[in-house]
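See structure below.
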Amino acid sequence: MELRIYQDDSMYVVHGTAPYSEIYETKSLRFELASSDLLNSPLLLIADMKVELSEVRVESDCYFYSSKISNYFINNVGVAIIEYEDNDGSDILSLGTVNVLSSKITTSRLRAMLEYICLVDVQLLHCCFSKTFLGSDGGKFEYTDLLHKLISTEKTINFLWDNRHKFKNQPCKRVKTIERVKKYTSKDLIDDRGYSWLLSHLDELEVTSGSDGVVLNRYGKNLSARHISTATVVDDKDIFENQVIYTFLVAVKSFVGSISDQQSYFRSDLSIKSGHVDIVPFIQNFVSDKFSFRNKLVARINSLVDNCINFINTNFTRTYIPNVRPRVTQYAARHNHYVSLYKMINDWWNIDASSISEYESVEQLLFSIKSMDKIYELFVLLKLLNAFHKNSLRIKEVKYLDFSHFPSLSTENELDKKSFDTFNFYNLENDVVAVNIYLEPVIFPFRKNLEEGELFIIDKPSDSRSADKLTRAKKVRTPDYVIEIMSKRTSARMIYVLDAKYSKFETVLYERLPSKPISKHKKVSPGLVDKYLYGIRVNHLNSAPDMVDGVFATYIAGNPDIRRKVVHGVSEEFGLWGDFPMRPFIDLIEFAPVESSEDEMSQDFINKLFSFTVAEMNRVSIS
């Protein structure tokens, strides 16, 4: 198979090895897959995106499958791996890699958002990037985190160093006999092997006049020896069981050594081409600068592995066998410290990143952003938390929840948080109110026995299927954020939906908020207002269900004067900033990474929303 990309008047062949074809983020393109076989509904996989190849033409016994012309890489820049998947998903094949050049505005926004994220916690950078190892043949290993590999490395060599006395005092060894030639003295005993050696080395014999030191008497002459060969039984530690440990240490030394050099793989300066930027050097340099803790970890590993190599060389072996893996032999099985270390070494080799031979460089670690949309969603979350913090609310609890179970907004189904993922539930409190922020909670259709305060969908038929089946059938909704504000003194509660849109104001206002038909013959694609204001309800056990108290969408840029007019039929007079604010709200909020700290609309939004909600809950409780 061969994949081609047509953009402007140019054709690019997708390769598995560098240098990779460079395409432009903001320009439309078309994919064409050439195959000698007839394919059934082929798909291209690019990160989380699937591209259908529908148009087919035949030419010289070759089938050509084409996609529609579209801006497939908008807001997805950096290195992108493209794969082929057949219609049933049973066969996935790597087709190659492209480097998506970023527009200047995307680069500027990315830098600003990453800088803000780092101010909160540099570890959150791991949520922003896909890390991928590419083999020399262009093949892709599973996405893995380099830090995970380094942590595993330090843990393994720490175990070896902490247990070095056990390895020294209870080593794997074999007994072997060493033949050694030494100067003969009258006190030495000579066995049959020694006499055999002398008869093979007659030049070592000499006539002696005395009786002391006689080893042979031939023809009436006493013969003594200058040297003899003796057999010495020793413990041999230069064996497989110890050689695998030394080989592992050499591989570790090569692994961490190559990390220090990886920054030189890409150009240090951003190159500008037709108004677009090769963002890979920027990502590499930015990540390297921010991950100073990684450099400290590498330095610790380097020092420790040197000590371990010296220890093994002195006490065991210097024999290196490339790529040898540990195996629990009958000798190793007798020692628990060997068995434990072997397991850790084997796990280290089996980390996907280590599938690269130790001779290959970790310079092949390439970074690509997951998507600007995902980074923006994280940026908005951090802005929300910071804005509530400035309203004297403090985080009391965070969780990583499984929302794929009934009821919606349940905090009972907790999972172990994935490495370097974000929590998806935050509870903040002060003396007056509690605030819950849910990230991408799942809202289900109506069913019997809904709980108090549970959200449910009303523009879809009621459905008694399980939560898993509803999710798989895409009968659910997942807003980016649900903000729940509750009074501590009364039972009053208000719920707001916020959706993060990495788009301009006009795009969100005219294309994201309202519903619109996809085409003349297809159903209407629901907008945010229909999905979350008219399309869901909040259940109450002792009263009728009601709407959520507001639907807000963020935008990243645009004309702020427009928002003061009418948003989806609601005059500014009755909006959150109006003289007569009325629920439910419909409004657009600017969450821009280039805002000044003195005049941020995102902070003003939370201030207004919080003060209005507290006042409204107090008013309701009094009435």
Original post:
Right, residue 37: open to solvent by 60 Å² or more (accessible area, probe 1.4 Å), at pLDDT 85 or above and on the phi > 0 side of the Ramachandran plot or not?
Top reply: no
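Condition check ((1) hydroxyl-bearing (Ser, Thr, Tyr); (2) in a helix (DSSP H, G or I); (3) in contact (Cβ under 8 Å) with a residue 40 or more places away in the chain) across all residues:
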| position | (1), (2), (3) |
| --- | --- |
| 307 | no, yes, yes |
| 322 | no, no, yes |
| 325 | no, no, yes |
| 329 | yes, no, yes |
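Any idea how many residues of the range 468-482 are in a loop (DSSP other than H, G, I, E, B), of a type in the set (Val, Ile, Thr) and in contact with a Phe, Trp or Tyr (Cβ under 7 Å, 6 or more places away or on another chain)? Before you say what the answer is, go through the steps one by one.
Step one: of the range 468-482, the residues in a loop (DSSP other than H, G, I, E, B) are 473-476, 478-480.
From what's left, of a type in the set (Val, Ile, Thr): 476, 478.
When the remaining residues are screened for being in contact with a Phe, Trp or Tyr (Cβ under 7 Å, 6 or more places away or on another chain), the result is 476.
Counting residues in the range 468-482 that are in a loop (DSSP other than H, G, I, E, B), of a type in the set (Val, Ile, Thr) and in contact with a Phe, Trp or Tyr (Cβ under 7 Å, 6 or more places away or on another chain) gives 1.
For the condition in contact with an Asp or Glu (Cβ under 6 Å, 6 or more places away or on another chain), polar (S, T, N, Q), surrounded by 12 or more Cβ atoms within 10 Å (Cβ to Cβ) and over 16 Å from residue 41 (Cβ atoms), what is the one hit in 99, 71?
Exactly one of 99, 71 is in contact with an Asp or Glu (Cβ under 6 Å, 6 or more places away or on another chain), polar (S, T, N, Q), surrounded by 12 or more Cβ atoms within 10 Å (Cβ to Cβ) and over 16 Å from residue 41 (Cβ atoms), namely 99.
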Original post:
Hey, among the residues in the range 50-73 that are among the hydrophobic types (A, V, I, L, M, F, W, C) and part of a loop (DSSP other than H, G, I, E, B), which one's farthest from residue 26 (Cα to Cα)?
Top reply: 53
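Taking the condition open to solvent by less than 70 Å² (accessible area, probe 1.4 Å) and modelled with pLDDT under 90, does residue 338 pass?
Details: open to solvent by less than 70 Å² (accessible area, probe 1.4 Å): yes; modelled with pLDDT under 90: no.
The answer is no for residue 338.
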**OP:** Output the residues belonging to the range 544-558 that are of a type outside the set (S, T, N, Q) and either touching a Phe, Trp or Tyr at 6+ places or on another chain (Cβ under 6 Å) or part of a strand (DSSP E or B) (or both).
**Re:** 546, 549, 550, 551, 552, 553, 555, 556, 557, 558
**OP:** Considering only the range 153-185, state which residues are modelled with pLDDT under 85, surrounded by 11 or more Cβ atoms within 10 Å (Cβ to Cβ) and out of contact with any His (no Cβ under 8 Å at 6 or more places or on another chain).
**Re:** 176, 177, 179, 180
**OP:** Can you give me the number of residues within the range 422-443 that are open to solvent by less than 70 Å² (accessible area, probe 1.4 Å) and in contact with a Pro (Cβ under 9 Å, 6 or more places away or on another chain)?
**Re:** 5
Original post:
Which residue, of 79, 98, is assigned to a strand (DSSP E or B), farther than 18 Å from residue 11 by Cα and under 21 Å from the mean Cα position of the chain (by Cα)?
Top reply: 79
Original post:
Taking only pairs six or more apart or across chains, which ones have beta-carbon atoms under 9 Å, a first residue in the range 468-479 that is aliphatic (A, V, I, L, M), and a second residue that is assigned to a strand (DSSP E or B) and open to solvent by less than 70 Å² (accessible area, probe 1.4 Å)?
Top reply: 470/444; 470/445; 476/443; 476/444; 476/445; 476/457
Subject >> Failed criterion for residue 459 (all others in (1) out of contact with any Ser or Thr (no Cβ under 6 Å at 6 or more places or on another chain); (2) assigned to a helix (DSSP H, G or I) hold) >> reply: (2)
**OP:** Filter the range 444-456 down to residues that are touching an Asp or Glu at 6+ places or on another chain (Cβ under 9 Å) and crowded, with 22+ Cβ neighbours inside 10 Å, then give me how many there are.
**Re:** 1
Original post:
Do you know which of the residues in the range 479-494 that are open to solvent by 70 Å² or more (accessible area, probe 1.4 Å) and touching a strand residue (DSSP E or B) at 6+ places or on another chain (Cβ under 8 Å) is farthest from residue 539 (Cα to Cα)?
Top reply: 488
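Okay, residues lined up against (1) crowded, with 21+ Cβ neighbours inside 10 Å; (2) acidic (Asp, Glu); (3) at pLDDT below 90; (4) assigned to a helix (DSSP H, G or I):
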| site | (1), (2), (3), (4) |
| --- | --- |
| 347 | no, yes, yes, yes |
| 353 | yes, no, yes, yes |
| 377 | yes, yes, no, yes |
| 381 | yes, no, no, yes |
| 387 | no, no, no, yes |
| 397 | no, yes, no, no |
Original post:
Restricting the range 564-623 to residues that are among the hydroxyl-bearing types (Ser, Thr, Tyr) and either at pLDDT 80 or above or not in a loop (DSSP other than H, G, I, E, B) (or both), which is nearest to residue 492 (Cα to Cα)?
Top reply: 621
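The values are calculated or read from the model by the stated rules, or taken from the named source; none is laboratory data. These numbers were taken from a predicted model, which means no experiment stands behind them. Cβ: placed from backbone, ideal geometry, glycine included. Neighbour counts: every protein chain shown. SASA here: full protein model, heavy atoms, side chains in, ligands and nucleic acids out. Shrake-Rupley method; radii C 1.70, N 1.55, O 1.52, S 1.80 Å.
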